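**Student:** Let me give you the structure first, and then I'll get to my questions.
The values are calculated or read from the model by the stated rules, or taken from the named source; none is laboratory data. Only a predicted model underlies this, so the values are computations on that prediction, with no experimental measurement involved. Reconstructed Cβ throughout: ideal geometry from the backbone, glycine too, with neighbour counts over all protein chains shown. Surface areas here come from the heavy atoms of the whole protein model, side chains and all, with no ligands, DNA or RNA. Shrake-Rupley method; radii C 1.70, N 1.55, O 1.52, S 1.80 Å.
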Amino acid sequence: PTRRSSDLLMCDDTTHEISYGLNYTYDLSILGDDLNNNTISGLEFGGAPNAVASYKAAAYLAWQYYQVDPTGTNSTVSSDYNVAIWTLFNPNGTGAQLAADLATSNDFHPATYRTAALAFVDDSNNSAFLAPIYANTLVFTPNPLLNQGGWSQEFLNVDPAPAPEPGTMWMIITGAVL
């Protein structure tokens, strides 16, 4: 793949970390290809229950994040969307605790965003809108899954340009219906 309009990487779980000074190797795939070729099992959480829906929702949430904060400089927005994605892949782990903490400390409710994203990607009426998002989502999967020190982390990169903003979902992510 060529350089994209966004080079921001978004991690998709809280159970693994990476550190400066260590070398990591990643397999790069395009989520749309993984979905179309039924090769999602090669991704870090590809064998998890509801993996397809979770990766679709994570790509959609990452796309929303880049619409709201295209430079990745707003730490509040970043943490809000990261927590929503983390709870997709580890609903009972650290992400769930962070989601509960955020829900009590500000107006963001990760569970609402997560639920809305899962419903949106599950609705076949949205397939044409979502296809370019999946086709422009890169997944950086660690290879091997556990790198130096037993830790590695998967990342998503979504090109924010491919799809137009749907008005109804914009209302959801801005809280108009919350």
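**Student:** Sorted by mean Cβ packing within 10 Å, highest first, what order do the peptides 39-45, 66-72 take?
**Tutor:** Output ranking for 39-45, 66-72: 39-45, 66-72.
**Student:** Still on this model: Could you please put THR73, THR141, THR112 in sequence from largest to smallest accessible area, using a 1.4 Å probe? Write down the numbers at each step before the final one.
**Tutor:** Details: THR73 110, THR141 5, THR112 55 Å².
Result of the area sort, largest leading: THR73, THR112, THR141.
**Student:** While we're here: Across bins of 10 angstrom width beginning at 0, how are the C-alpha pair distances of region 26-74 distributed, in whole percent?
**Tutor:** Calculated over all Cα pairs of region 26-74, the distribution is 24, 46, 26, 5 percent.
**Student:** When you count, for each residue, the other Cβ atoms within 10 Å and take the mean per peptide, how do 129-136, 79-86 rank with the highest first? Kindly include the intermediate steps, with their values, before the conclusion.
**Tutor:** Numbers: 129-136: 19.6, 79-86: 23.8.
Per-residue mean Cβ counts within 10 Å order the peptides as 79-86, 129-136.
**Student:** Taking K and R as +1 and D and E as -1, what net charge do the other residues with C-beta under 9 Å from the C-beta of TYR55 add up to?
**Tutor:** Its environment carries a net charge of -1.
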